[in-house]
Amino acid sequence: MATLATTKAKRQSDRASAAKAKQGATGQQQDATTLLEADHREVSAYFEQYETLSDNAEKKVLATRICRALKVHTQIEEEIFYPAARKATGEGDLLDEAIVEHMGAKNLIAEIEAMQPGQNLYDAKIKVLGEQIHHHVEEEEQELFPEVRSTKLDLTALGEKLAARKSELLAMFPSA
């Protein structure tokens, strides 16, 4: 059954990627916050799926997918979105907190990547990472994104930059 879950998740991910590519091909661009929210939903689904797995090989594949998605997401936020949001909103505290939360996530990701499923605390680290990401997502979507949307920032142009950089990074990081 666990293999079926992994195959299903891979197909879902492939369909989502194809839909994103098709959207770009038709000239319809996602704005920055919509793109970031889509990333949030994707990773949230990965964490939910992880909870259903019992096979260590499948856990490793999904954990690798989670870590890859989060590394790419945090990098595009830190390189592109956060500086633009800081300039547009003048918001410092919320963005500083977000960067610190990213640092915590990156530390857990490094620990997870250095481990194997079945090792002591592996599943616990995935669970805690998911909880931290859930908290981070709530703050971004309920506080930061509405504030950014209320500015004159060109979110479509920013979304194009995020999408381009995301594509570059996905090509650099190994996939599961």
Item checked: Highest to lowest packing among 43-52, 163-172, 68-77, scored as the average C-beta count within 10 Å -> 68-77, 43-52, 163-172
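Give me the dipole magnitude in Debye, nearest 20, for segment 54-176 about the Cα centre, with unit charges on the beta carbon: positive for Lys and Arg, negative for Asp and Glu.
Working: 15 positive and 23 negative charges, 115 e Å.
For segment 54-176, the charge dipole is close to 560 debye.
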Next item on the list: Kindly list the residues of segment 71-87 that lie in the label zone of residue 94, defined by a backbone N under 14 Å from the point 7 Å along the Cα-to-C-beta vector.
Entry: 82-87
Notebook entry, point to check: Taking square-rooted eigenvalues a ≥ b ≥ c of the alpha carbon gyration tensor, is segment 30-172 rounded, prolate or oblate, where a/c under 1.5 means rounded and, failing that, a/b exceeding b/c means prolate?
Noted result: prolate
Next item on the list: Set Lys and Arg Cβ to +1 and Asp and Glu Cβ to -1, take the dipole of segment 30-172 about its Cα centre, and tell me which of 108, 159, 63 lies farthest positive.
Entry: 63
Item checked: Relative packing of 103-111, 56-64, which averages over residues the other C-beta atoms within 10 Å, highest first -> 56-64, 103-111
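Since every read-out is calculated from the coordinates, none of them should be taken as a lab result. Quick caveat: nothing in here was measured; it's all calculated off a predicted structure. Cβ coordinates were reconstructed from backbone atoms using ideal geometry, including for glycine residues, and neighbour counts include every protein chain displayed.
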